[in-house]
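Right, one structure below, let's go through it.
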Amino acid sequence: IKHRDYQVNITRLPQFEEVIRRYWPSLDADRLTPAYAGIRPKLFMEGEPYRDFLIQGEKEHGIKGMINLLGIESPGLTAALAIAEDIANLG
């Protein structure tokens, strides 16, 4: 990033609300308030951008029943259901 800006862009509220309504149709939009913004570092390997999450099962490490979940800090909470589906499909 060229300039650090931790301000929340309030003009994005309508898009935010629209996405939330996909899984929470009865959302009371008056309860949505901007709280904070941050900068999330991106993973790089050998100088190239790397995916956000690394999920390794037996195929990758050879240990039956063990699943490694790497790089799942902040964005992992919002992607938890999709990550759970991926893990369930490893078995």
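The values are calculated or read from the model by the stated rules, or taken from the named source; none is laboratory data. Values in this document were obtained by computation on a predicted structure and should not be read as measured data. When we count neighbours, we look across all protein chains shown, and the Cβ atoms used for this are built from the backbone with ideal geometry, even at glycine.
Mind checking which residues of the range 17-33 are exposed (fewer than 10 other Cβ atoms within 10 Å of the Cβ) and either farther than 18 Å from Gly76 by Cβ or modelled with pLDDT of 95 or more (or both)? Listed by number, the residues that qualify are Glu18, Arg22, Pro25, Ser26, Asp28, Asp30, Arg31, Thr33. Would you call Ala88 out of contact with any Pro (no Cβ under 9 Å at 6 or more places or on another chain), free of Cβ contacts under 8 Å to residues at least 12 places away in the same chain, assigned to a helix (DSSP H, G or I) and surrounded by 10 or more Cβ atoms within 10 Å (Cβ to Cβ)? Taking the combined requirement at face value, the residue does not satisfy it.
Taking the criterion of being outside any loop (DSSP other than H, G, I, E, B), of a type in the set (A, V, I, L, M, F, W, C) and over 17 Å from the mean Cα position of the chain (by Cα), the residues of the range 7-43 that qualify are Ile10, Leu13, Ala29.
Count of the range 34-59 residues, restricted to those that are surrounded by fewer than 10 Cβ atoms within 10 Å (Cβ to Cβ) and farther than 25 Å from His3 by Cβ, is 3. What pairs can you find where one residue is in the range 1-24 and of a type outside the set (Lys, Arg), the other is assigned to a helix (DSSP H, G or I), and their Cβ atoms are less than 9 Å apart, with a gap of 6+ or different chains? Qualifying pairs under 9 Å: Leu13/Ala29; Glu17/Ala29; Ile20/Ala29; Tyr23/Leu81.
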